[in-house]
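Chemist: Okay, handing you the structure first.
The values are calculated or read from the model by the stated rules, or taken from the named source; none is laboratory data. These figures come from a predicted structure and were not determined experimentally. Glycine also receives a Cβ, built like all others from the backbone with ideal geometry; neighbour counts cover every protein chain displayed. These area figures cover heavy atoms from the full protein model, side chains too; ligands, DNA and RNA do not enter into them. Shrake-Rupley method; radii C 1.70, N 1.55, O 1.52, S 1.80 Å.
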Amino acid sequence: MENERGSWGSNIGFLLAAIGSAVGLGNIWGFPYKMGKSGGFTFLIVYLLLAAFVGFTIMMGELALGRKTGTGPIGAYHAVSKRFKWIGWLAVFSPFIIMSFYSVLGGYCIEYMSLNLSNLAFQNPAISGGDLFHSMLTNPLGSVVYTILFLIICYLINRGGISGGIEKFNNVGMPALFVMLVIIIIKSLSLPGSIEGLKFMFVPGYAVSGGFIEAAPNISTVLATAGGQMFFSLSLAMGAMITYGSYLDKKENLVKNSAIIVIADTTIAIMAGIAVIPAAVAYGIQQGIPVGEIALGGPSLLFVTLQNVFNSMGGVGALFGVIFYMLVLIAAITSAISLIEVISTFFLDHAAQKGRKASRPKVVLLVCLAILAEASLVAVDGLGSNGVWVPGQAAFGISGWNDCWLDFMDMLSEGIAMPLGAMLMSIMIGWEIRPKSMLDEIHSGAGSGMDSFFSVCMKLIAPLGMVLILSGQISDFFGKGARIAGYIIGIVIYVIGVAVAVTSPMRKAAHK
Ligand code: PFF
C-alpha cells in the first residue's frame, strides 16, 4: 500500500531494485579479477561460504531492521538500540563517500558509450583505450560534465520516488542488463584464446601457472579479499538494504528475498567475469602481450583493455562497445540510486518526524548537489593524473590509500566505515537487542526455522568474519605489516562492543 513515504509496488519490483543495488561496478571489475588472482574455484567456494553464512544473515538483518522500524538507518538504529544509536550515521556517511567516486566512474561510462556510439555512426578511426583513458583523465572539465550528466540521470529517477522512479527504472534496466550481458558473453567466448581467460577464472592455481601473477595469495588474504568483495557487492553495511527494506510490505518473506538477492548478485558477478575476462585475455594473446601485463581489474580493465578489445573487432566492435558500456552504465545507475536513496530517505524521514513534509524532488536535488561537490574533487583529480593534493600525502608519502582522491575515499568507506558498521550492527543485533527481536520481524513474513543459524551468525560468525575483513582492508590500504594491528584492533572492538551491548538496558528489556 502506498503511504506518505511510498512503498514498493510489488515484491518483484523490490527484488529487482535490491539486485540492481547489488549488481554494480564491483561485480564487473572486482569479482572476476579477484577470483582469478585468488585461486579461481577455491576463491569461489570461500566466497560462497562467506556469502551463505555472513552475507545472507546480514542481508536478512538489514532488511528486517528497515522493515521493523519503517525508517532509514539513522532512524532504525535510534528506534531499536540504546548503545549503538550512532551506527546509523556510519551507514549514511559511507553511501555519501562512495558516491564521490561512483558518480565519476558512471560519468566515464557515459563518455565511453557516447564515444563508441559516434564511432559506430561516423565510422571514426579507433583510438586506443590507453590514449582515450589518458585524455579523459587529464580533462578535468570534461570529467565534471560527464559526472553531472550521470547525477542528472540519477536525480530524475530518485525524484520519482520508490515505486514511481526507482522501481520503474529497475523493472526495465535489470532485464535489459541481463540480455546485454548474455550478448557480450556469447561474443567474448567466440574469440580465439578466450579459453585461457576461463582457466584464469575457474582453474585453481592457474593464475600462477598460467603466468598471470607471480605468487598465489595466502589463505588469510583470500578470506579478507572475498569478504570485502562480498560486502561491497551485496551493498551491505551502507544502509542501502535497511532503506530498501523500510519500504517493504510486512507480508513479504525476508528469508526467501535475501536468498534470491545473494544468489542473483553472485550469479551475475560470475557471468560478468565470463563476459569480460576471456575477451580481455584473448585480445592480449592475439597482440602478443604477456598475460601478466593485461589489466584485468579496476578502471583500466573497463576503460583501457576492453576498449582495445572492441577496437580490435573492426566495424562491429563499436556496436559491442555501445552495448557493453551501456550495460555497465545501467549497473552503475541502479547501484547509485540506492546510495542516493539512503541519504534522501534520511532527510525525508527526519522532516516527517518533526511533523513537516519535505519535498522529495527538492531533497534529492540537494543530495545530488552535495554529491557533485565532493565528486568534482575526484573528477578533477583524474585518478591522480592532475597532481591534486590528497589528504595524508604530506605526512605519509604516497602509499596506496592516498595515491588519488578515489583511493582515499575508497579507504574511508569500503576500507573502514563498511566493515566497522557491519561488525557493530551484528554485535547490536546479536548481543544487545538479541536476535529474537529481529527473528520476530523476519517471521512475520512466514520465514522458516532459521533461528539458531541466525543467532550464531549474528553473535559470532558475522562479527568475527568482519575482524578478518577489517584487518584485510587495513593491510590492503596500509601495507602488509598493518595486518596484525588490524586483527588486534578488530578483536578489541569486538570485545568492547559485546561488553557495551550486554550491559545495555535494551538487553534486559529484550530478556523479559
Ligand atoms: N554493490 C555495488 C557494486 O557491487 O558495485 C556497490 C554498492 C552499491 C555498495 C550500494 C553499497 C551500496 F549501498
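Chemist: Counting other Cβ atoms within 10 Å, which trypsin sites (Lys or Arg not before Pro) in the range 441-505 have at most 11 and lie in a DSSP loop?
Modeler: K480
Chemist: If you don't mind, there's one more thing I want to ask. Please compute the contact order of the chain in relative form: average sequence separation of alpha-carbon pairs under 8 Å and at least six residues apart, divided by the residue count, as a percent.
Modeler: 29
Chemist: Among the lysines, which have Cα under 26 Å from the Cα of K37 when same-chain residues fewer than 8 positions away are ignored?
Modeler: Partners found: K187, K199, K480.
Chemist: While we're here: Keeping all protein chains in the complex and leaving out DNA, RNA and ligands, what accessible area do you get for K251 with a 1.4 Å probe, in Å² to the nearest 10?
Modeler: 140
Chemist: Continuing with the same structure: Hey, any idea what Rg/Rh is for the range 186-304, computing Rh the Kirkwood way over Cα pairs?
Modeler: Ratio value, two decimals: 1.08.
Chemist: Using only the alpha-carbon atoms, how far is helix 482-502 inclined from the longest principal axis of the chain? Give it as 0 to 90 degrees, nearest 10.
Modeler: Between the helix axis and the principal axis of the chain, the angle is about 20 degrees.
Chemist: Please state the charge dipole magnitude for the chain, taken about the Cα centre, from unit charges on C-beta atoms (+1 on K and R, -1 on D and E), reported in debye and rounded to the nearest 20.
Modeler: The dipole of the chain has a size of about 1620 debye.
Chemist: Compute the Rg/Rh shape ratio of the range 293-400: radius of gyration over Kirkwood radius, all on alpha-carbon atoms.
Modeler: 1.12
Chemist: Now, a different point. Before anything else, pin down the relative contact order of the range 299-453: Cα pairs under 8 Å, at least 6 apart, normalised by residue count, whole percent.
Modeler: With pairs under 8 Å counted, the relative contact order is 9 percent.
Chemist: Now, a different point. Can you pull the Rg over Rh of the range 458-508, Cα-only, Kirkwood?
Modeler: Reported Rg/Rh, Kirkwood definition of Rh: 1.11.
Chemist: Please compute the alpha carbon radius of gyration of the range 318-359, then divide it by the globular-protein estimate 2.2 N^0.38 Å. Two decimals is fine.
Modeler: Here the Cα radius of gyration is 1.85 times the empirical estimate.
Chemist: Going Cα to Cα from K251, which lysines come in below 23 Å? Please leave out same-chain ones fewer than 8 positions away.
Modeler: Excluding near neighbours in sequence, the set is K68, K168, K436.
Chemist: At 222 nm, what value in deg cm²/dmol follows for the chain if DSSP H runs of at least 4 each add -39500 (n - 2.57) and the sum is divided by all its residues, to the nearest 500?
Modeler: So the helix-based figure for the chain works out to -22500 deg cm²/dmol.
Chemist: Return one number: the angle in degrees, 0 to 90 and rounded to the nearest 10, between the long axis of the Cα atoms of helix 219-233 and the longest principal axis of the Cα atoms of the chain.
Modeler: So the helix axis and the longest Cα principal axis differ by about 80 degrees.
Chemist: Towards the positive end of the charge dipole of the range 139-282, with charges on Cβ (+1 Lys, Arg; -1 Asp, Glu), say which of I274, I162, G197 has the farthest Cα.
Modeler: Checked the options; the winner is I162.
Chemist: Within 13 Å, Cβ to Cβ, of F93, how many net charges do the neighbouring residues add up to if Lys/Arg are +1 and Asp/Glu are -1?
Modeler: Local net charge: -2.
Chemist: Which one of M136, M99, S81 has its Cα pushed farthest toward the positive end of the charge dipole of the range 44-140, where Lys and Arg give +1 and Asp and Glu give -1 at the Cβ?
Modeler: Comparing the listed Cα positions along the dipole, S81 ranks first.
Chemist: So if I take the centroid of the Cα atoms in the range 44-72 and the same for the range 424-497, what is the distance between those two points in Å?
Modeler: Between the Cα centre of the range 44-72 and that of the range 424-497, the gap is 11 Å.
Chemist: OK, next. Treat every Asp and Glu Cβ in the range 151-278 as -1 and every Lys and Arg Cβ as +1, leave all other atoms uncharged, and give the resulting dipole magnitude about the Cα centre to the nearest 20 debye.
Modeler: 300
Chemist: Dividing the alpha-carbon radius of gyration of the range 263-319 by 2.2 N^0.38 Å (N being the number of residues), what value is obtained?
Modeler: 1.18
Chemist: Just to check I understand the Karplus step: with θ = phi - 60° and J = 6.51 cos²θ - 1.76 cosθ + 1.60, what whole-Hz values come out for the range 61-70, glycine and proline as x?
Modeler: x, 5, 4, 5, 4, x, 5, 4, 8, x
Chemist: So what's the net charge close to L424: Lys and Arg +1, Asp and Glu -1, counting the other residues with Cβ under 12 Å from its Cβ?
Modeler: Residues close to L424 contribute a combined charge of +1.
Chemist: Hey, another quick one. Taking only C-alpha pairs under 8 Å that are 6+ residues apart, what is the relative contact order of the range 175-284 in percent?
Modeler: It rounds to 58 percent for the range 175-284.
Chemist: So what does the Cα-only Debye profile of the chain read at q = 0.09, 0.11, 0.13 Å⁻¹, as log10 I(q)/I(0), no solvent term?
Modeler: Normalising to I(0) and taking log10 leaves -0.60, -0.92, -1.30.
Chemist: Here's another thing I want to ask about it. Positive end of the charge dipole of the chain (Lys, Arg +1 and Asp, Glu -1 on Cβ, about the Cα centre): tell me which of A485, N257, I469 has its Cα farthest that way.
Modeler: My answer, from the dipole projection, is N257.
Chemist: Cα axis of helix 315-353 to longest principal axis of the chain: angle in degrees, 0 to 90, nearest 10?
Modeler: Helix 315-353 sits roughly 20 degrees off the main axis of the chain.
Chemist: Still on this structure, I have one more. Under 19 Å from the Cα of K34, which aspartates and glutamates turn up, not counting those fewer than eight places away in the same chain?
Modeler: Answer for K34, where 19 Å is the Cα cut-off: E196, E214, D265, E293, D407, D410, E414, D476, listed by chain and number.
Chemist: Solvent-accessible area of C368, probe 1.4 Å, all protein chains present, reported in Å² to the nearest ten, please.
Modeler: 10
Chemist: Still on this model: With every atom except the alpha carbons ignored, what do you get for Rg and Dmax of the range 1-151, in angstroms?
Modeler: Cα only, the range 1-151: 20.5, 63 Å (Rg, Dmax).
Chemist: Taking GluC sites (Glu not before Pro) that fall in a DSSP loop and have at most 10 other Cβ atoms within 10 Å as cut points, what is the longest piece of the chain between them?
Modeler: 215-512
Chemist: Give the residue list of trypsin sites (Lys or Arg not before Pro) in the range 349-423 that are DSSP loop and have at most 14 other beta-carbon atoms within 10 angstrom.
Modeler: Qualifying residues, ordered by number: K354, R356, K357.
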